[in-house]
Structure formats: structure tokens, C-alpha cells
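Structure first, commentary second.
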Amino acid sequence: MKKIYLMMAVAVLGAASASAQKKWTYGFEGGGNTSGFSGALGDEFESKPGLHWGIVYDYAFNEKFSITPEFLLFDGGATLKSGGEIVLHYGRIPINATYKIALKGKFDMFKVLVFAGPYVGHGTRSSGAKPNTFGSKTDGYRFNPWDFGLNIGVGLQTGKSLFWKLQYSHGLTNVQNDLQGAKDGGNTSVSFTIGHLFFFY
């Protein structure tokens, strides 16, 4: 398990070193989110609050367009309508294409951010014990450890460092393994993030 997260982090940092001849930034970010499930699985659950935090890397092709990978620790899951809560912790890598719109006049220190892209995540732990944790279907585990999905969002950047983002993420893979009694449904979340960037050239 630890090797998977090490490989994910190396992939992000490796991309940074490979593109050092271009203008790039890295930084730290964190915030709150509400998470839940889609599809038939979502009919049994309501959203729950959680936290996320990690590192962000921005590769700028020009002043308006960049690619923005992140490495996050993310709290997902949902609250059962009948009572109780399922907490699913993920290591998640979103890779967003970001378009930056510079404002003019008295607001020229701000840039509006519009972004979208895919993400991949892997479960680290859950609130339950076996079988209610991450693992393979063949070993009888309830939750699929892999999570693939899409992001879309908007944000605001002030100067060259501080930024805020509002993002919606929709999982395309089923949260539950295909076992008896499982229902279709992916992860969903709405996240609010604050971060700070450090510039290199």
C-alpha cells in the first residue's frame, strides 16, 4: 500500500523536475468538503462533511493556460439515512486543465480560474473492519480501492500566490465491489479549497 502512494507522489514531483525549463509553481492547499454517493447507492445515504489537504503543482504554458496536478489526502464517504456513517479515506491525484482570466481596473490583482479534468484515487482506510473496508472482490472486501472520476470548478487567485477554489467531483467507478447486495454508485463531492503557491522559473 505504501509503495502505491510513494509512486503517486514521485509521479507528481517527477513531472515538475522534467519541466523545470518552463515557468512552474508548487504549493500547499487544504479545505473542507461534503461527500456522498451517486446512483442507487446514493438513495440510502446523505452527504457528510470531511477534510482534504495536500500539495499542488502548476505547469504554466503561458499566462492563461496551465496543467495542474495535485496530490491529496481526501476524506470521503457518506451518512446512512437510517443512522451511522461510512468514512472512506483516499489518496487522490486530480489533473486539471486550468484557464486563467486576468481581471482589469481596480481588480487587476485577481485572476479567475476555470478548470476541469480527471482524477484517480486509491483507498487508504475506512471506518469499518473487514469486510467493510478496501480490498479485492475475490477476497470478500466490500469497497473497491480504486476511484476514477472527473472534476470541474472555478476559483480566484490573488497576486501570484494565494488562491481559493470551489470544485465538484463525480466518480465514474462503483464504490462497492460487485458482491451480493451491492448497489451501483460512485463517489461525489463538493470541495472548498484554500492554497498558497511558491513560484520558480
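Structure notes:
- For residue 76, residues with placed amide H under 5 Å, excluding near neighbours: 88, 89, 90
- Karplus-derived 3J(HN,Hα), 6.51/-1.76/1.60, for each residue of the range 120-133, Hz, glycine and proline x: 10, x, 9, x, 9, 6, 10, 7, x, 9, 3, x, 8, 8
- Lys/Arg +1, Asp/Glu -1 at C-beta; the range 68-201 dipole; positive extreme among 172, 112, 151: 112
- Averaging Cα coordinates gives a centre for the range 34-69 and one for the range 82-140; these two points are 3 Å apart.
- Computed lengthening from residue 104 to residue 180, 0.36 nm per intervening residue step minus Cα-Cα distance: 21.6 nm
- The fewest-to-most ranking of 58, 147, 184, 43 by surrounding Cβ atoms within 10 Å reads 43, 184, 58, 147.
- Net charge in the neighbourhood of residue 63 (other residues with Cβ under 10 Å of its Cβ; Lys, Arg +1, Asp, Glu -1) is +4.
- For the chain, calculated [θ]222 nm from helices alone, where every DSSP H run of n ≥ 4 adds -39500 (n - 2.57): -3000 deg cm²/dmol
- Semi-axes of the equivalent ellipsoid of the range 44-94 are 33, 11, 7 Å, computed as sqrt(5λ) over the eigenvalues of the C-alpha gyration tensor in descending order.
- For the range 28-39, backbone phi angles converted through the Karplus equation (6.51, -1.76, 1.60; θ = phi - 60°) give residue-by-residue couplings of 10, 8, x, x, x, 8, 10, 10, x, 10, 9, x Hz, Gly and Pro being listed as x.
- Maximal additional length on extending the residue 196-residue 127 stretch stands at 21.7 nm, based on 0.36 nm per residue less the C-alpha distance.
- Among 125, 142, 92, a tally of other beta-carbon atoms within 10 Å of each Cβ gives an order, fewest to most, of 125, 142, 92.
- Put simply, when 26-32, 185-191 are sorted by average Cβ atoms within 10 angstrom per residue, most first, you get 185-191, 26-32.
- Acute angle (nearest 10 degrees) that the helix 2-18 long axis makes with the longest principal axis of the chain, alpha-carbon atoms: 20
- Here 107, 45 are placed in order of increasing Cβ neighbour count within 10 Å, fewest first, which gives 107, 45.
Rule-based calculations on the coordinates, nothing more; no lab input. Quick caveat: nothing in here was measured; it's all calculated off a predicted structure. Cβ: placed from backbone, ideal geometry, glycine included. Neighbour counts: every protein chain shown.
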